[in-house]
Amino acid sequence: MKCEVESVAGDELFIEVTSDRPDMLCAEGIARELRGIIGLETGLVSYKVRRGDLAVKVEKSVSDVRPYIAGALVRNLRFTDDFVKQIMQLQEKLHLTYCRNRTKVSVGIHDAEKVTHELTYAGVEPNDIRFTPLGEEREMNGNEVLECTAKGREYGWIIKDCPRYPMLYDSEKKVLSMPPILNGIVTQVTPETSDLVLDVTGTDMKLVNFVNNILVSSLAERGGTVEAARIIYSDKTIHTPDLRPFSKQLSLQFVNDTLGLDLQVREVAALLKRMRYGVKSVTKNRLTAIVPAYRVDIMHTIDLVEDLAIAYGYNKLLPTMPLTATVGSEREITKLTRKIRDLMVGLGFIEVLNYTMTGRQVVFEKMNMPVGGEVEVANPLSSEFAVLRSWLMPGLLNFLSSNKHVSYPQRIFECGDVVVIDETMQTKTLAKRKVGAVACDHTVSYEDIQATMYSLLRNAGSNFWQLQKTEHPSFIKGRVAAIAVMNKEVGIIGEIHPQILENYNIENPVAAFELDLESTFGK
């Protein structure tokens, strides 16, 4: 199951769960998979979602703060110490991983009997907020929650600069939570609790629904009865959770070619059922796998093949020698990249790593760049992973924006690939290796980053570069230059425009440069 057993203490297992299986961050999810893989219970798990009386009205005032919410009402739960530990662990592990430390999504769990089931999700000005937070003894406003509570000090930076804070309250004005910070004391879960209200809020609707599905399915595994929440937006009404499975086509030839096996369709179907998939539409060479809603990691056919290999048994796959003899060697661009990294660290910069997949808002809107020419993902899991980055600068600025609480000066760099459209290539795309660097401080200027770049180029062995006058929408006019080698533009250097800094909520000036390594050094 790809889970590494770290240690055993009495009757407790400490297990490392891979990042692609958030549904297994609790005992319920692991037990569900184990029942299948050892043959106790195979095939698709079906969860019934009943109609209920829980309704959440979403006000427009929250649309520019934390616009999306999902939820559910789960009844007839029997709380034990182990159950409480598991649900708390699942909540916190999701917060740390898929929820990006609560910035993308956060979860609230409430005693359903202590509030009415007519809720409002709205943005409220901090001084108008009044409630007693969980774990506190007095009523506070929004600013006091951020300043005077432990969770407020830890996560307050997520919403501190927003004009309004998200609030979830019932028809009697009893506050359930102030996402993504903490719950109100009125809905505190106790050993006598049997019915739970879940609220899952965030900035990405698809991820909000995924997290809600994982929580609800785990509670259903504990014997809970699931009732849907009616989420009422100004322009639409949806019901959550949506636990309907989805289907994927699977070719027998693709399975066997990938794994080097000679499986029959009935064998593939049996292996899929052991991994808790449903199977239908079986033909001689193809079948349809029915994927449960809690499997957020199944995006491509190869993901199904990986699960087939797990069910078949990795230890049963026999290694074979390749048909051609090859001798491997390190690419020149890899050697150059390592050298550039060493030089940048020596110049006082800290290396960061960002995803190649990113969002249009980061690449275009926040950088004042015209939309177009990007490599687009056909079926993105999230709006934040909808395109492939065409340059490094947006990711570096986004990193600065998320680390305003760290002391200054901040000097970071990245060596990584970007992807651009190239019609001459077979894939119509071309990956380029670039280095980007930013320096952020209240006194930083063009001259500071220029000195860094000059030192980098000289020490890396480049003697034929020059600066040329240019303009760029992301940089200050007159404080930006194109970097050229043999009259070919290979990069850009300058001071980031104040509007860009405002878009990223960066409070100090930023000077930056970005270079195409292969064009600069001819590798």
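Values in this text are rule-based calculations from the coordinates and carry no lab data. Quantities reported herein were computed from a predicted structural model and do not represent experimental measurements. With ideal geometry, Cβ positions are generated from the backbone for all residues, glycine too; neighbour counts draw on all protein chains shown.
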Q: Tell me which residues come under 5 Å, amide H to amide H, from E41 once H is placed; ignore anything under 5 positions away on its chain.
A: G36
Q) When the dipole is taken about the Cα centre of the range 382-447, and only Lys, Arg (+1) and Asp, Glu (-1) are charged at their Cβ, what size is it in debye, to the nearest 20? A) 80
Q.
Name the residue from Y68, V438, P509 whose Cα lies farthest towards the positive end of the charge dipole of the chain, charges +1 on Cβ of Lys and Arg and -1 on Cβ of Asp and Glu.
A. Y68
(Q) Rounded to two decimal places and with Rh computed the Kirkwood way over Cα pairs, what is Rg over Rh for the range 136-264? (A) 1.13
**Q.** Net dipole in debye of the chain [+1 Lys, Arg Cβ; -1 Asp, Glu Cβ; about Cα centre; nearest 20]
**A.** 1260
Q: Using +1 at the Cβ of each Lys and Arg and -1 at the Cβ of each Asp and Glu in the range 146-278, identify which of I185, I214, L252 lies farthest towards the dipole's positive end.
A: L252
Q: Could you line up C148, C99 from fewest to most neighbouring Cβ atoms inside 10 Å?
A: C148, C99
Q. What list of ³J(HN,Hα) values in whole Hz, one per residue of the range 368-377 in order, does the Karplus curve 6.51 cos²θ - 1.76 cosθ + 1.60 (θ = phi - 60°) give from phi, with Gly and Pro shown as x?
A. 6, 9, x, 6, x, x, 8, 7, 9, 7
Q: Find how many whole Å separate the alpha carbon centroid of the range 493-523 from the alpha carbon centroid of the range 213-281.
A: 43
Q) For Rg/Rh (Cα atoms, Kirkwood Rh), which listed value, (1) 0.98; (2) 1.05; (3) 1.01, comes from the coordinates shown? A) (3)
Q) Considering only V145, L44, V56, whose Cα is most displaced toward the positive end of the charge dipole of the chain, charges sitting on Cβ of Lys, Arg (+1) and Asp, Glu (-1)? A) L44
(Q) Under a Cβ-only charge scheme (Lys and Arg +1, Asp and Glu -1), can you give me the dipole magnitude of the range 332-521 about the Cα centre, in debye to the nearest 20? (A) 320
Q. Where does each of V363, V216, V345 land when they are ranked from fewest to most other beta-carbon atoms within 10 angstrom?
A. V345, V363, V216
(Q) At a threshold of 8 angstrom on Cα-Cα distance, excluding pairs fewer than six apart, so keeping six or more, what relative contact order does the chain reach in percent? (A) 13
Q | Greater than 32 Å apart at Cα, pairs in K339/K469; K114/K248; K104/K432; K60/K434 | A | K114/K248; K60/K434
Q. If one computes the Cα centroid of the range 402-447 and of the range 138-194, what distance in Å separates the two points?
A. 37
Q) Are there GluC sites (Glu not before Pro) in the range 120-178 that DSSP puts in a loop and that have at most 11 other Cβ atoms within 10 Å, and which ones? A) E137, E172
Q. Whose amide H sits under 5 Å from the amide H of M140, counting only residues 5 or more places off or on another chain, with H placed in the peptide plane?
A. F131, T132
Q: Pull up all non-local amide H partners of A72: gap of 5 or more, or a different chain, and H-to-H distance under 5 Å with H placed in the peptide plane.
A: L198
Q: Read phi for every residue in the range 144-160 and hand back ³J(HN,Hα) as whole Hz from Karplus 6.51 cos²θ - 1.76 cosθ + 1.60, θ = phi - 60°, with x for Gly and Pro.
A: 5, 4, 6, 8, 10, 10, 4, 5, x, 5, 7, 10, x, 4, 5, 10, 4
Q) Short version: ³J(HN,Hα) in whole Hz for each residue of the range 186-196, in order, from phi by Karplus 6.51 cos²θ - 1.76 cosθ + 1.60 (θ = phi - 60°), x for Gly and Pro, what are they? A) 5, 9, 4, 7, 10, x, 7, 5, 10, 10, 10
**Q.** Mean separation of Cα contacts under 8 Å (6+ apart) over length of the range 246-315, as relative contact order %
**A.** 38
**Q.** Exposure proxy ranking, count of Cβ atoms within 10 Å, fewest first, for L318, L343, L96
**A.** L318, L96, L343
